[in-house]
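The structure appears right after this line, and notes come after that.
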């Protein structure tokens with residue numbers, strides 16, 4: 001396949017916001033679920049979803065041109081492998097499409113090269129975390145998105161590490177507990193604590209006797225454990241706040257306790273990498289940032305941890321004596 005011409009590449013980037021919004025609409029209308037049994041006319045889909053049939057046809061036609069849905073005959077659509085991912089309950093893509101097509105897209109429009117501060121409050125009149133707390137439905141969607149489908153790949157990587165029997169793992173900012181629950185399913189000899197804000201959407205009945213939820217703020221204190229897990233947390237914050245989180249953990253962690261971070265490491269060079277774009281979203285939402293190898297090592301050292309491994313998806317460190 002030949003490389004796209006420069007003008008074509010620019011066009012694909014310029015219309016990106018429309019793609020994002022169209023995906024969000026399709027997710028919110030449940031189109032992928034409505035097509036689960038096979039192709040259907042757009043008139044039926046629109047009637048069930050309460051949408052204008054002409055507008056929905058134009059949205060699905062545009063998405064189909066990028067391989068999300070397929071128009072099998074005029075006005076009749078079916079799922080593709082890509083749109084199947086938008087079905088509810090199967091993965092986190094439906095939730096991510098809702099967020100990116102809604103609050104994230106609105107926030108991205110506030111990106112301002114004149115400031116390194118979060119610009120989210122300009123439109124929403126509050127910070128991102130307070131907005132989530134005030135909107136339980138969005139908070140639940142956010143928690144499901146962060147949990148993914150149990151983050152099976154991440155849980156597999158964590159389970160492959162060397163663990164001691166009956167080690168206590170504290171998932172700091174662990175959301176609904178899906179990741180730690182998946183780890184304990186793979187390593188039942190471990191014990192776990194999910195630590196997060198009390199408004200976190202969760203089902204504690206599914207935790208079992210080796211997993212508990214503890215409510216609190218990671219800026220104030222965290223439970224004592226043998227190992228600490230941070231999954232998609234530190235990139236939400238600037239260096240000052242991220243350092244505060246690390247120091248809070250270090251204050252509770254015994255010497256030699258392990259810190260395991262599931263986050264991106266921005267690579268050098270110009271190769272495509274999603275973290276380079278996610279970095280801009282973190283900026284507008286909460287003045288957060290993605291970090292490269294040197295930035296991670298410096299942050300960990302300042303927080304009282306010695307970095308042992310820095311690679312995307314699995315950053316490992318130990319609490320310094």
Normalised by the number of residues in the chain, what is the relative contact order in percent for Cα pairs under 8 Å and 6+ residues apart? 13
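Note down the Stokes-Einstein diffusion coefficient of the range 120-235 in µm²/s, whole number, using a Kirkwood radius over alpha carbon pairs, 20 °C, and 1.002 mPa s. Working shown, then result.
On the way: Rh = 14.8 Å.
Rounded, D is 145 µm²/s.
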Distance between the C-alpha centers of the range 100-150 and the range 253-315? Whole Å please. 21
Taking the Cα atoms of the range 146-319, report the difference between the largest and smallest coordinate on each principal axis, in whole Å and largest first. 46, 33, 31
Ranked packing of 36-44, 210-218, most packed first, by mean Cβ within 10 Å: 210-218, 36-44
If you project the alpha carbons of the chain onto their three principal axes, what span does each projection cover, largest first, in Å? 68, 47, 44
Can you tell me, using C-alpha contacts under 8 Å and at least 6 residues apart, the relative contact order of the range 53-97 as a whole percent? 22
How would you order 242-252, 11-21 from highest to lowest mean count of nearby Cβ atoms within 10 Å? 242-252, 11-21
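No lab work stands behind these numbers, since they all come straight from the coordinates. No experiment lies behind these values; they were computed from the predicted model shown. When we count neighbours, we look across all protein chains shown, and the Cβ atoms used for this are built from the backbone with ideal geometry, even at glycine.
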